[in-house]
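Heads up, the thing below is written out as structure tokens.
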Amino acid sequence: MLPSAGVYYFPWEINSSVPEGEALRTFGRLCRYDLARSEAVLTAQHSSAQYRVCIDTKFVEPFQAQLGSRYMVLGEAEHRE
């Protein structure tokens, strides 16, 4: 089952203030994809800082990941170190 529609966040807005389990949408350029770990990393630049968002890809595999391409994602927030 898909999560609810989700609030749109820029990658630099996603932090610990977004509640665990809240549905969200974001975007970024794919900089890493690890099929074995079911993980993708999206990056986005804002001002002079680079922001990274880790994405769990279990529910969409296999997909044709294109490094350097832009992706928009819908999911639930999960905070990890």
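Among the residues of segment 35-64, those that are over 14 Å from the mean Cα position of the chain (by Cα) and more than 16 Å from residue 11 (Cβ to Cβ) comprise 35, 36, 37, 61, 62, 63, 64. Is it true that residue 42 is modelled with pLDDT of 90 or more, surrounded by 15 or more Cβ atoms within 10 Å (Cβ to Cβ) and either in a strand (DSSP E or B) or in contact with a Leu (Cβ under 6 Å, 6 or more places away or on another chain) (or both)? The answer is yes for residue 42. Take residue 67 and tell me if it is open to solvent by 90 Å² or more (accessible area, probe 1.4 Å), within 15 Å of the chain's Cα centre (by Cα) and aliphatic (A, V, I, L, M). Against the criterion (open to solvent by 90 Å² or more (accessible area, probe 1.4 Å), within 15 Å of the chain's Cα centre (by Cα) and aliphatic (A, V, I, L, M)), residue 67 qualifies.
Name the residue that is farthest from residue 80 (Cα to Cα), counting only residues in segment 14-70 that are in contact (Cβ under 8 Å) with a residue 12 or more places away in the chain and hydroxyl-bearing (Ser, Thr, Tyr). In this case the residue turns out to be 69. Scanning segment 50-81 for residues that are of a type outside the set (A, V, I, L, M) and in a strand (DSSP E or B) returns 50, 51, 52, 54, 56, 70, 71, 75, 76.
The values are calculated or read from the model by the stated rules, or taken from the named source; none is laboratory data. If you're wondering where the values come from, they're calculated on a predicted model, not measured in any experiment. Every residue, glycine as well, gets a Cβ built from its backbone with ideal geometry; the counts of neighbours run over all protein chains shown. Surface areas here come from the heavy atoms of the whole protein model, side chains and all, with no ligands, DNA or RNA. Shrake-Rupley method; radii C 1.70, N 1.55, O 1.52, S 1.80 Å.
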